[in-house]
Amino acid sequence: ARIDGTRAQRSKFVVYAMAQARTDAQPSRAGRGLMVLGNDCVHKVMTFLAVADARRGVGATAKAFRTTAMSMTLARTRSSEPYTLRSQFDTGRGDRHGVVHAMATAMGTRRWPTRAVRINNDGDEWNGAVAAAAVPPARLGITFHRGRTHWGGNWSPDGEPYASYAASAIVDQVMARDICGGGECTVRTGSFVQYDLPFQLKIRAFQFGISACRSERFRDWTFEAFDGENWRQLWNFTGTMSAERHTFWRVGAAKRVASNRFRIRLAESGEPYRCMHIRGLELFGTILPPWRID
């Protein structure tokens, strides 16, 4: 009897939640169907579940919810309208997950894959090996431009294995992982790190950290977006940053352009050489349709 009572209570809770979702959802299912999902897909999917499903028990409700959430109709509808990813620093709630995390984890439905990376192939010598660094999303383009007069190392920062090492460093959002190589040391004005997205993003904020390696030399930089013809400066920073922690930057409303190309570039400075060990570069804003994350 106690078990039946517990099940009844759960069913009543699910019915109430779904009824509340139907009451709160605007427009209603009858009026618009799945054509408008907004930024709360769970809320909207619940409006598609019949109250009769809840009356059959928690298991039937969960199965119906999963079927609807994984349907092609829902997937097509989601990608046909804007979708906004905000940071907790921007809204006071939520988390730090932006578009890079969404691409790497299929909107948080799977773990971010990791891989072993290293700086070079010097055998027994120190090679900066990291056993579990974040794998960059397959559809995210990453470009490094290292402006320098010469490279004194016996390996190329543009070749493997360092290219994979640097790409993991730029996307990996766990600052405790020591992913910092010499390829980004002693670079000059005009050097940059660039993201190419597979969709248009109306940028509203970004965040990143820097490694401790000569962090005082990472200074005087700009955050820019390509508008189709020219690079537009969205943020200009002079001075130095605190090392080994993420810093959040909010883009002013007047500068929230839509683009699929963003970069951090070293601007003119009194420092002839600088270090540029950027970590965990993440972007926030509204993804414009049509779009695909995975």
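For Glu216 and Val174 in one chain, what is 0.36 nm times their gap in residues minus the Cα-Cα distance, to one decimal in nm? Mind dumping the intermediate values first?
Details: separation 42, 0.36 × 42 = 15.12 nm, distance 2.08 nm.
Stretched out fully, the Glu216 to Val174 stretch lengthens by 13.0 nm.
Work out how much length Arg232 to Ala254 would gain on full extension: take 0.36 nm times their residue separation and subtract the Cα-Cα distance, in nm to one decimal. Show your work: numbers first, answer last.
On the way: separation 22, 0.36 × 22 = 7.92 nm, distance 1.21 nm.
Contour length minus the Cα-Cα distance gives 6.7 nm.
Enumerate the amide H contacts of Gly285 below 5 Å, restricted to partners 5 or more residues apart or on another chain; note that Pro and chain-start residues carry no placed amide H.
Placed amide hydrogens put Leu85, Arg204 under 5 Å from Gly285.
Largest first, how would Asp227, Asp172 line up by accessible area (1.4 Å probe)? Kindly include the intermediate steps, with their values, before the conclusion.
Numbers: Asp227 75, Asp172 0 Å².
The residues order as Asp227, Asp172, largest area first.
Please compute, for the alpha-carbon atoms of segment 195-241, the extent along each of the three principal axes and give them in descending order in Å.
So the extents along the principal axes, rounded to whole Å, are 34, 19, 16.
Arg292 to Met72: extension gain in nm, 0.36 nm per residue of separation minus the Cα-Cα distance?
Details: separation 220, 0.36 × 220 = 79.20 nm, distance 1.30 nm.
That works out to 77.9 nm of additional length.
Output ³J(HN,Hα) for segment 191-198: one whole-Hz value per residue in order, computed from phi by the Karplus curve 6.51 cos²θ - 1.76 cosθ + 1.60 with θ = phi - 60°, and x for Gly and Pro.
Running phi through 6.51 cos²θ - 1.76 cosθ + 1.60 with θ = phi - 60° gives 5, 7, 10, 10, 9, 10, 8, x Hz.
Where nothing but the Cβ of Lys and Arg (+1) and of Asp and Glu (-1) is charged, how large is the charge dipole of segment 110-236 around its Cα centre, in debye to the nearest 20? Don't skip to the end; give the middle numbers.
On the way: 15 positive and 14 negative charges, 89 e Å.
Value, rounded to 20: 420 debye.
Under a Cβ-only charge scheme (Lys and Arg +1, Asp and Glu -1), can you give me the dipole magnitude of segment 220-275 about the Cα centre, in debye to the nearest 20?
Charge dipole, segment 220-275, about its Cα centre: 260 debye, nearest 20.
For segment 150-214, what is the charge dipole size about the Cα centre, in debye to the nearest 20, if Lys and Arg each add +1 at the Cβ and Asp and Glu each add -1 at the Cβ?
Values: 5 positive and 6 negative charges, 67 e Å.
Computed charge dipole of segment 150-214: roughly 320 debye.
FRET efficiency for Arg115 and Ala52, Cβ-Cβ distance as r, R0 = 30 Å, nearest 0.05?
Numbers: r = 47 Å, r/R0 = 1.57.
Result of the calculation: an efficiency of 0.05.
For the peptides 232-244, 264-276, what is the packing order when you average, over each peptide's residues, the other Cβ atoms within 10 Å and list the highest mean first?
264-276, 232-244
Provide the FRET efficiency to the nearest 0.05 for the Ala129-Ala106 pair, computing r from the beta carbons and using R0 = 22 Å.
0.20
Work out from phi, with θ = phi - 60° and the Karplus expression 6.51 cos²θ - 1.76 cosθ + 1.60, the ³J(HN,Hα) of each residue of segment 182-189, listed in order in whole Hz, and give x for Gly and Pro.
With coefficients 6.51, -1.76 and 1.60, one gets x, x, 9, 8, 6, 9, 10, 3 Hz.
Using the heavy atoms of the protein chains and a 1.4 angstrom probe, tell me the accessible area per residue for segment 203-277 in square angstrom. Don't skip to the end; give the middle numbers.
Details: 3430 Å² over 75 residues.
On a per-residue basis, segment 203-277 sits at 46 Å².
Report the one residue of Gln207, Gly239, Thr143 whose Cα lies farthest in the direction of the positive end of the charge dipole of segment 131-248 (charges on C-beta: Lys and Arg +1, Asp and Glu -1; origin at the Cα centre).
Gly239
The values are calculated or read from the model by the stated rules, or taken from the named source; none is laboratory data. If you're wondering where the values come from, they're calculated on a predicted model, not measured in any experiment. Note: ideal-geometry Cβ built from the backbone for every residue, glycine included; neighbour counts use all protein chains shown. Just the protein is used for accessible areas: all its heavy atoms, side chains included, with ligands, DNA and RNA removed. Shrake-Rupley method; radii C 1.70, N 1.55, O 1.52, S 1.80 Å.
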